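I have placed the structure first, in the form of structure tokens, so that the comments after it can refer back to it.
The values are calculated or read from the model by the stated rules, or taken from the named source; none is laboratory data. In this text, all values refer to a predicted model and were calculated from it rather than measured experimentally. All Cβ positions, glycine included, derive from the backbone under ideal geometry; neighbour counts span all protein chains shown.
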Amino acid sequence: MKLIVYYLIGLVFGVGISISGMANPAKVLNFFDLAGSWDPSLMFVMGGALIVTFIGYRLAFRRSAPLMAPRFEVPTRRDLDLPLIGGSAVFGIGWGIAGFCPGGALPALGTGMIEVAIFVASLIAGLLTARGLRRIGVNALTKSTT
């Protein structure tokens, strides 16, 4: 039953990403092009997502536990460290260069565009590299051992 629910949630997310244009790198890049052909329409997508998330969290946290898990998995750390800031910067730069974020690229795989496949392959390579560096105790951002 969980897999069916997860599939349906992913399907709704993918359809929403596609309808909103966030799977279209040209539309995303135009959003970042403030001095050229700026397209502000993605602000409405982001605003809508924030509103839905705000309401969803308020409703979900009224429950003592999630429907499909024994407890909520909520981050407890609140500090800003170099890996968090560096990772956020790399994410933003990659999004601005490629026009894809991971959430928009996965549904776009269905388009068959080679650019999407290259982006997703690079994303997976980056994730595996970071995991490997963490496993051997190297923090790639500070060039020190932990």
- Do any residues in the range 31-54 that are closer than 20 Å to Ile93 by Cβ have Cβ atoms under 6 Å from those of residues that are among the charged types (D, E, K, R) and part of a loop (DSSP other than H, G, I, E, B), where the two are at least six apart or on different chains, and which pairs are they? Phe31/Asp39
- Note on the structure: Here the residues within the range 71-100 that are at negative phi and not in a helix (DSSP H, G or I) are Arg71, Phe72, Glu73, Val74, Pro75, Thr76, Arg77, Arg78, Asp79, Leu80, Asp81, Phe100
- Got a sec? Which of Gly110, Gly126, Gly103 is more than 26 Å from Ile4 (Cα to Cα) and part of a helix (DSSP H, G or I)? Gly126
- Task: Using the structure shown, decide if Phe13 is under 22 Å from Leu127 (Cβ atoms), touching a helix residue (DSSP H, G or I) at 6+ places or on another chain (Cβ under 8 Å) and not in a helix (DSSP H, G or I).
- Result: no
- Query: Among the numbered criteria (1) in a loop (DSSP other than H, G, I, E, B); (2) without any contact (Cβ under 8 Å) to a residue 12 or more places away in the chain, which single criterion is violated by Met68?
  - Reply: (2)
- Scan the range 61-94 residue by residue and report those that are out of contact with any Phe, Trp or Tyr (no Cβ under 8 Å at 6 or more places or on another chain) and hydrophobic (A, V, I, L, M, F, W, C). Leu67, Met68, Ala69, Val74, Leu80, Leu82, Leu84, Ile85, Ala89, Val90, Phe91, Ile93
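Would you pick out the residues in the range 29-46 that are assigned to a loop (DSSP other than H, G, I, E, B) and over 15 Å from Phe100 (Cα atoms)?
Of everything in the range 29-46, those that are assigned to a loop (DSSP other than H, G, I, E, B) and over 15 Å from Phe100 (Cα atoms) turn out to be Leu34, Ala35, Gly36, Ser37, Trp38, Asp39, Pro40.
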- Top-ranked residue of the range 94-135 - restricted to ones that are β-branched (Val, Ile, Thr) and surrounded by fewer than 19 Cβ atoms within 10 Å (Cβ to Cβ), ranked as farthest from Ile17 (Cα to Cα): Thr129
- In the range 10-41, residues that are of a type in the set (A, V, I, L, M, F, W, C), over 15 Å from the mean Cα position of the chain (by Cα) and surrounded by fewer than 17 Cβ atoms within 10 Å (Cβ to Cβ) total 9
- Query: Any residue in the range 30-50 that is among the β-branched types (Val, Ile, Thr), farther than 24 Å from Val116 by Cβ and either touching a strand residue (DSSP E or B) at 6+ places or on another chain (Cβ under 6 Å) or at pLDDT 85 or above (or both)?
  - Reply: no
- Note on the structure: Of the residues in the range 47-62 that are hydrophobic (A, V, I, L, M, F, W, C) and assigned to a helix (DSSP H, G or I), the one that is farthest from the chain's Cα centre (by Cα) is Leu59
